[in-house]
Ligand SMILES: [Fe+2]
Ligand SMILES: [Fe+2]
């Protein structure tokens, strides 16, 4: 089923961006799968919608745009919710996923966190897997897809050609703005990523909500999990300090759980709930401000 075309929201559903990541960064442990014709057809249609998605993302994610979104959302005056209410809220995201094939957002979160738990990682790492995409509720506050998902990248300095579809940055006003289009732009060499504004989306938003509650490695995973041009391509090491370099080892450790745990088997949400209730209560306050 194809939804009516909405020029601001070209993806049929948010998972299309993540499915596309899988074709860019296939699971190294999986042998190349034989694809049937239907799959190929779906893939080629997806290439076009994902391309259009990146065209508008790269055109509109400017330094000033990020400042305006920070101003709007970092007041946290939209909604007060527990993690559980946020999870339920995220699941009201009505998009064009096929409920028979696609997993809903909670299932993606649980598959990620359960794979982390199965590998015996610390409990805050498991919790991070469980909450890492909750920032996608931005969509439910009326934000367009291109300001919620997609690879993230620094704004305020030159866009790297290592960013996917970087040719689309030519349409971005910052591309020709001499304050922003040099290698360092408004930043200084190795200033540290904490000084650097990233393109606006679900990663930065959730980081800002969680920053007082979780250990640094968890916060780096949340904040930079979509920063593929760094954690996969090392395009912005010149902006990072020593702490960033050290912490990015955790971001890299997290990435395969995010990308490669989407099994068609649905996790038994009811059976897992008691463990996760305890985990959430251990680290997070009862209500959080979104
Ligand atoms: Fe994400
Ligand atoms: Fe994710």
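The values are calculated or read from the model by the stated rules, or taken from the named source; none is laboratory data. These figures come from a predicted structure and were not determined experimentally. Glycine also receives a Cβ, built like all others from the backbone with ideal geometry; neighbour counts cover every protein chain displayed.
If you scan region 79-105, which residues turn out to be touching a helix residue (DSSP H, G or I) at 6+ places or on another chain (Cβ under 6 Å) and modelled with pLDDT of 85 or more?
83, 86, 87, 89, 90, 91
Which helices (runs of 4 or more DSSP H) sit wholly inside region 218-290 and have at least 3 residues that are in contact with a helix residue (DSSP H, G or I) (Cβ under 8 Å, 6 or more places away or on another chain) and within 16 Å of ligand 1 (Cβ to nearest atom)? Full working, then the answer.
On the way: elements: 228-231, 242-259, 269-283.
By residue number, 228-231, 242-259.
Hey, residue 247 hits all of (1) surrounded by 13 or more Cβ atoms within 10 Å (Cβ to Cβ); (2) under 21 Å from the mean Cα position of the chain (by Cα); (3) touching a residue at least 40 places away in the same chain (Cβ under 8 Å) but one; which does it fall short on?
Among (1) surrounded by 13 or more Cβ atoms within 10 Å (Cβ to Cβ); (2) under 21 Å from the mean Cα position of the chain (by Cα); (3) touching a residue at least 40 places away in the same chain (Cβ under 8 Å), the lone unmet condition for residue 247 is (3).
What number goes with the only condition from (1) within 25 Å of residue 20 (Cα to Cα); (2) under 17 Å from the mean Cα position of the chain (by Cα); (3) away from ligand 1 (no atom under 14 Å from the Cβ) that residue 211 does not pass?
The number of the failed condition is (1).
Of the residues that sit in region 112-124 and are within 16 Å of ligand 1 (Cβ to nearest atom) and either over 16 Å from the mean Cα position of the chain (by Cα) or without any contact (Cβ under 8 Å) to a residue 24 or more places away in the chain (or both), which one is farthest from residue 264 (Cα to Cα)?
In the first step, residues of region 112-124 are kept if they are within 16 Å of ligand 1 (Cβ to nearest atom); the result is 112-113, 115-116.
Narrowing the set further to residues that are either over 16 Å from the mean Cα position of the chain (by Cα) or without any contact (Cβ under 8 Å) to a residue 24 or more places away in the chain (or both) leaves 115-116.
Working: 115: 14, 116: 17 Å.
My answer is 116.
Select from region 7-22 the residues that are out of contact with any helix residue (DSSP H, G or I) (no Cβ under 7 Å at 6 or more places or on another chain) and assigned to a helix (DSSP H, G or I) and write down the one among them that is surrounded by the fewest Cβ atoms within 10 Å (Cβ to Cβ).
Taking the candidates together, the pick is 18.
Give just the number: which of (1) at pLDDT 95 or above; (2) under 28 Å from residue 24 (Cβ atoms) does residue 277 not satisfy?
Only one criterion in (1) at pLDDT 95 or above; (2) under 28 Å from residue 24 (Cβ atoms) is unmet by residue 277, namely (2).
Which one is farthest from residue 220 (Cα to Cα) among residues in region 175-200 that are out of contact with any helix residue (DSSP H, G or I) (no Cβ under 6 Å at 6 or more places or on another chain) and in a helix (DSSP H, G or I)?
Filtering first and then ranking leaves 176.
Are any of the residues in region 133-141 in a loop (DSSP other than H, G, I, E, B) and under 17 Å from the mean Cα position of the chain (by Cα)?
Taking region 133-141 first, the residues in a loop (DSSP other than H, G, I, E, B) are 133.
Still in the list and also under 17 Å from the mean Cα position of the chain (by Cα): 133.
Within region 133-141 (the criterion being in a loop (DSSP other than H, G, I, E, B) and under 17 Å from the mean Cα position of the chain (by Cα)), the answer is yes, since at least one residue qualifies.
Go through region 59-87 and report how many residues are within 19 Å of residue 144 (Cβ to Cβ), in a helix (DSSP H, G or I) and touching a strand residue (DSSP E or B) at 6+ places or on another chain (Cβ under 9 Å).
Total meeting the criteria: 1.
Listed residues 19, 6; which is under 29 Å from residue 154 (Cα atoms) and at pLDDT 85 or above? Before you say what the answer is, go through the steps one by one.
Details: 6 fails: at pLDDT 85 or above.
Going through 19, 6 in turn, the sole match is 19.
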